[in-house]
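Novice: Questions regarding the structure given below will be posed in turn.
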Amino acid sequence: MHKNREAALKRLKRLEGQVRGISHMVEDDRYSVDILTQIAAVPAALKGVEKLLIDDHAAHCIEEALASGDREDQRAKFTELLGLLDKARG
């Protein structure tokens, strides 16, 4: 992870706080709809981190494989990227 490292870490810290907040809401017996609303935001936040990491992978690993001229490495990195994108779609 390179250029998006700080942004990903910042988002993960925010997400960590959000999940702790949800835990406190459950402990405090808060209204279920409010808790579920907060829970629904978690996957979207994770998706944002996922996009940053995929962007870094494409920008660095794929770019390096292309620059290397090593066709086997290029195929491997491209296949890896396709797998990541498939997982990201869920």
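Only the coordinates and a few stated rules stand behind these numbers; no lab work does. Just so it is clear, the model here is predicted, and its values are computed rather than measured. Note that we place each Cβ from the backbone using ideal geometry, even for glycine, and neighbour counts take in every protein chain shown.
Novice: Tell me what the chain gives for mean residue ellipticity at 222 nm when only DSSP H runs of n ≥ 4 count, each as -39,500 (n - 2.57), the sum divided by the residue total, rounded to 500 deg cm²/dmol.
Specialist: Working: 4 runs with 73 residues, N = 90.
Helix-only estimate at 222 nm: -27500 deg cm²/dmol.
Novice: For the chain, take the longest principal axis of its alpha carbons; what is the angle in degrees between that and the long axis of helix 71-89, to the nearest 10 within 0 to 90?
Specialist: That helix lies at roughly 20 degrees to the long axis.
Novice: While we're here: Suppose we flag trypsin sites (Lys or Arg not before Pro) only when DSSP calls them loop and at most 15 other Cβ atoms lie within 10 Å. Which is the longest uninterrupted stretch of the chain?
Specialist: Working: sites that count: LYS3, ARG30.
The reported range is 31-90.
Novice: How big is the charge dipole of the chain about its Cα centre, in debye rounded to the nearest 20, if each Lys and Arg gets +1 on its Cβ and each Asp and Glu gets -1 on its Cβ?
Specialist: 180
Novice: Which label belongs to the value computed from this structure, given these candidates for percent of Cα pairs over 22 Å apart: (1) 45; (2) 25; (3) 69?
Specialist: This structure yields the entry labelled (1).
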